[in-house]
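Each remark here refers to the structure printed beneath this line.
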Ligand SMILES: *Cc1c(COP(=O)(O)O)cnc(C)c1O
């Protein structure tokens, strides 16, 4: 199993490097997060053995359980990338290195209130690139308002912007819009220069449009087990 995993990881990293070089970017400026949702902690263990340090999870309970199982590793960085209920904010903050999916002031407030004087938590604003308001992410119109609010919360460090490409649009077009939203974000928060975008099927397009953090699941982990 590890050898298949190892070759998928190596292949993904090669594709990341060539996509970066194709647009004159340094591959070292890109963080590859392996999304391990639905997979057991043992997979994270195998990934760690292969040198992976950035992993992504989209559910608080699963995140908390895996961090508990793997607490011996103090060098893993856990990225929370899922929709979060406000009441889960405390549990997320307790273990996450970064939260990519902050899409409303209430969630930012809850993450801050969970540990207002603690070590700063890195957060990214998730924007909704679709026309469907039920999708995760703040509407592009409200980006600056949310970012300005987050900047008032001292225990949160606003690092950038995150999005998922819509299914019904070419990813390159969506990521081009994201790049311009990222520019708008930097106008109000100059240090927020991260762009979290790109999944298994669209990471090359994301790299071409400036992504700094890729969230790659199945291309590296193999097919996800089905949820019962
Ligand atoms: C699951 C997930 C990913 C990874 O998806 P793959 O298609 O398996 O690469 C990336 N981002 C988010 C927000 C996810 O939920």
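None of the figures in this text is laboratory data; all of them are computed from the coordinates on show. Owing to the predicted nature of the structure, the values given are computational and were not obtained by experimental measurement. Cβ atoms come from the backbone with ideal geometry, glycine included; neighbour counts cover every protein chain shown.
Selection of the range 16-37 for residues being away from the ligand (no atom under 16 Å from the Cβ) and buried (at least 19 other Cβ atoms within 10 Å of the Cβ) yields only 20.
Residue-wise test of (1) in contact (Cβ under 8 Å) with a residue 40 or more places away in the chain; (2) within 17 Å of the chain's Cα centre (by Cα); (3) within 16 Å of the ligand (Cβ to nearest atom).
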{"site": "117", "(1), (2), (3)": "no, no, no"}
{"site": "151", "(1), (2), (3)": "no, no, no"}
{"site": "155", "(1), (2), (3)": "yes, no, no"}
{"site": "166", "(1), (2), (3)": "no, yes, yes"}
{"site": "211", "(1), (2), (3)": "yes, yes, yes"}
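Take residue 143 and tell me if it is in contact with a strand residue (DSSP E or B) (Cβ under 7 Å, 6 or more places away or on another chain), more than 16 Å from the ligand (Cβ to nearest atom) and closer than 30 Å to residue 74 by Cα. In short, no.
Candidates in the range 64-77 are the residues that are surrounded by 15 or more Cβ atoms within 10 Å (Cβ to Cβ) and in contact with a helix residue (DSSP H, G or I) (Cβ under 6 Å, 6 or more places away or on another chain); of these, the one that is farthest from residue 90 (Cα to Cα) is 70. With respect to the conditions (1) part of a helix (DSSP H, G or I); (2) within 16 Å of the ligand (Cβ to nearest atom); (3) out of contact with any helix residue (DSSP H, G or I) (no Cβ under 6 Å at 6 or more places or on another chain), residue 88 lacks only one, and its number is (3).
The set of residues in the range 160-173 that are farther than 12 Å from residue 210 by Cα and surrounded by fewer than 23 Cβ atoms within 10 Å (Cβ to Cβ) comprises 166, 167, 168, 169, 170, 173. The residue that is farthest from the ligand (Cβ to nearest atom), counting only those in the range 177-197 that are buried (at least 17 other Cβ atoms within 10 Å of the Cβ) and closer than 18 Å to residue 122 by Cβ, is 189. Residues in the range 188-199 that are touching a residue at least 40 places away in the same chain (Cβ under 8 Å) and over 13 Å from the mean Cα position of the chain (by Cα): 188, 189, 192.
Among the residues of the range 38-50, are any within 16 Å of the ligand (Cβ to nearest atom) and more than 27 Å from residue 3 (Cβ to Cβ)? No - not one qualifying residue is present in the range 38-50.
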